[in-house]
């Protein structure tokens, strides 16, 4: 859907009055962009390394490729999950707010939360790999890691905020508290990661 669209087409849809694509899918796109820059720097740096350095960077490349694929999937998965949330609210309204319909809303919100919390975690994990790559990136190419770091910072904040808004609309209870604690732990982990 959006992953295979042109950049120009994506930007046009993003700036329209339609809510899709929105912040969640765009956070996934920005995560994929940050990871892609990290992959580029890793591959350029690889040529100048000894065997031990190549082994470390190759491990990072393998992890980053997997992370990028996951982020790419979320670009198109997020709009589907968002539509499920909106459809559950529509059914709730039509049902006269039955307990079954309310439970469906809670499930949809929980699914949306999980997707964005997973993206936020993925983004933190990618940012943690910046230090590994930074050890081996020399010269001006290292600047692209700073750009990647900025992308990942923005993507994390976007994914975290999107996960949180789902929790805000959930009914108070055990699951909501669990999700709030998970978000707090994610934010604490993110705050510990610095790259310069």
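Coordinate-derived values only; no laboratory data. Not measured: the values here are computed from a predicted model. When we count neighbours, we look across all protein chains shown, and the Cβ atoms used for this are built from the backbone with ideal geometry, even at glycine.
I'm a student and want to see the number: the projected area of the Cα convex hull of the range 24-191, averaged over all directions, in nm².
9.9
Can you work out the base-10 log of I(q)/I(0) for the range 48-136 at q = 0.20, 0.26 1/Å, using the Debye formula on its C-alpha atoms alone?
Log10 of I(q)/I(0), two decimals: -0.90, -1.16.
For the range 125-196, take N as its residue count and report Rg(C-alpha) divided by 2.2 N^0.38 Å.
Rg over 2.2 N^0.38 Å, computed on Cα atoms: 1.41.
Classify the range 157-196 from the C-alpha gyration tensor, please: rounded if a/c falls under 1.5, else prolate or oblate depending on whether a/b exceeds b/c.
The shape class here is oblate.
Averaging sequence separations of C-alpha pairs under 8 Å and six or more residues apart, then dividing by the length of the chain, give the relative contact order as a whole percent.
Relative contact order for the chain comes out at 30 percent.
If you wrap a convex hull around the C-alpha atoms of the range 1-90 and split its volume per residue, what is the figure in Å³?
91
For 162, 123, 98, what's the fewest-to-most ordering of other Cβ within 10 Å of each Cβ?
Arranged by neighbour count, lowest to highest, 162, 123, 98 become 98, 162, 123.
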